[in-house]
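Enquirer: Pasting a structure below so you can have a look.
The values are calculated or read from the model by the stated rules, or taken from the named source; none is laboratory data. Note that the coordinates shown come from a computational prediction; the quantities given were computed from them, not determined experimentally. No Cβ is skipped: glycine too gets one built from the backbone with ideal geometry, and neighbour counts run over all protein chains shown. The protein model used for the area step is the full one, side chains on, heavy atoms only, and it has no ligands, DNA or RNA in it. Shrake-Rupley method; radii C 1.70, N 1.55, O 1.52, S 1.80 Å.
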Amino acid sequence: MSEKMFSHVPVLLNEVLDSLDIQPDGIYLDATAGGAGHSREILNRLGPDGRLIAMDQDPDAIRILNERIGGDPRVTVVHRNFAELKPALAELGIDRVSGILADLGVSSHQLDTAERGFSFHVDAPLDMRMSQEGETAADLCNRLPEEELRRILYQYGEEKYAPRIAAAIVRERETAPIETTLQLAELVKNAVPAKARREKHPARRTFQAFRIAVNGELEVLDRAMDDMFDVLAPGGILSVITFHSLEDRAVKQRFAAFCEGCICPPEFPVCVCGRTPSGELPFKFRAPSEQELEENPRSRSARLRSVRKLKDREPATKKPFI
């Protein structure tokens, strides 16, 4: 696989590097390393005693990571989903890291490789599997009952025309299986009102919903966030790039929980729980600059959030009561 075939423009690169506050002798984890865009620049800031763990679930990404940075003795390439980061690090004898980056969502390579089935602009098998394993989007389209299709479209795509689209999928598959990207895109286009067809591509939310469902993205993120925070050394930083409101909301809420202190009821005159924040927010969030938006339009929905670890999380406890 050539460099050109796996081109990668790292989103919010300067903002990410600034947020991680990279220490030359630190240990850093790029949990979704993709085409090594961010990893390369993190590596450039590490000294001879620094270490980078570049992790990804996509076999294509693993091949290109090995080609681009795998020869550096400071780098370890790991073929795992980032929800498995704790056992992956344990196997490497690492229990604490200095910083973690998780760049969520679909990569440019996955979008631009037609046969991966992520794009609604070109015809290809309806796949969408980031790991290239398990059920495809076509499998879900042709197997799930209408009620479940409707739930996926509502929950993961925030698609207001979910009932129309789910019903259209069921009608279509009664005649012939739904097998290609353009077949699904055309089906969605015909199912929504004419006004919706004149806005952004009418299949955009549907493709997002099926991609999230196929890859279990929100469930994986939910499991991984606590683990990423747990493996940080005190003072370490977790930075996450999101690309849609569902991810961003989940990250924002979990980071707020890390930073929550006293959980006593507001009517208590003094704190009796003794709980103090485990983290702090260095900034609210970062969005792409006008220059980046011009150079890389795909960055338009990106948001970067970071949390700095102050101490290990306290065990979950109920709010005190009398």
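Enquirer: Examine the range 290-310 for a residue that is open to solvent by less than 50 Å² (accessible area, probe 1.4 Å), without any contact (Cβ under 8 Å) to a residue 60 or more places away in the chain and among the charged types (D, E, K, R), and state whether such a residue exists.
Expert: Looking for residues that are open to solvent by less than 50 Å² (accessible area, probe 1.4 Å), without any contact (Cβ under 8 Å) to a residue 60 or more places away in the chain and among the charged types (D, E, K, R), one finds none in the range 290-310, hence no.
Enquirer: Sticking with this structure for a sec: Quick one: how many residues across the range 234-263 are open to solvent by 20 Å² or more (accessible area, probe 1.4 Å) and either among the polar types (S, T, N, Q) or in a loop (DSSP other than H, G, I, E, B) (or both)?
Expert: Residues meeting the conditions: 7.
Enquirer: Every residue in the range 125-135 that is more than 20 Å from Glu247 (Cβ to Cβ) and surrounded by 16 or more Cβ atoms within 10 Å (Cβ to Cβ), please.
Expert: Answer for the range 125-135, where residues must be more than 20 Å from Glu247 (Cβ to Cβ) and surrounded by 16 or more Cβ atoms within 10 Å (Cβ to Cβ): Leu126, Asp127.
Enquirer: Shifting gears a bit: Got a number for residues in the range 180-213 being in a loop (DSSP other than H, G, I, E, B) and surrounded by 18 or more Cβ atoms within 10 Å (Cβ to Cβ)?
Expert: Looking only at the range 180-213, we keep the residues that are in a loop (DSSP other than H, G, I, E, B), and these are 192-193, 198-203.
From the residues that got through so far, the ones that are surrounded by 18 or more Cβ atoms within 10 Å (Cβ to Cβ) too are 192, 202-203.
Of the residues in that region, 3 qualify.
Enquirer: Among (1) in a helix (DSSP H, G or I); (2) touching a residue at least 24 places away in the same chain (Cβ under 8 Å); (3) touching a His at 6+ places or on another chain (Cβ under 8 Å), where does Ile62 come up short?
Expert: (2)
Enquirer: For the range 95-107, name all the residues that are open to solvent by less than 30 Å² (accessible area, probe 1.4 Å) and either more than 14 Å from Asp30 (Cβ to Cβ) or part of a strand (DSSP E or B) (or both). Lay out the reasoning, then the answer.
Expert: At the first step, the residues of the range 95-107 found to be open to solvent by less than 30 Å² (accessible area, probe 1.4 Å) are 97, 99-105, 107.
Val97, Gly99, Ile100, Leu101, Ala102, Asp103, Gly105, listed by residue number.
Enquirer: Moving to a separate point now. Can you go through Leu149, Leu65, Leu92 and tell me which one is more than 28 Å from Pro297 (Cα to Cα) and buried (at least 21 other Cβ atoms within 10 Å of the Cβ)?
Expert: Of Leu149, Leu65, Leu92, the one residue that is more than 28 Å from Pro297 (Cα to Cα) and buried (at least 21 other Cβ atoms within 10 Å of the Cβ) is Leu149.
Enquirer: Related question: Filter the range 161-177 for residues that are in a loop (DSSP other than H, G, I, E, B) and out of contact with any Leu (no Cβ under 9 Å at 6 or more places or on another chain) and give the result.
Expert: Ala176, Pro177
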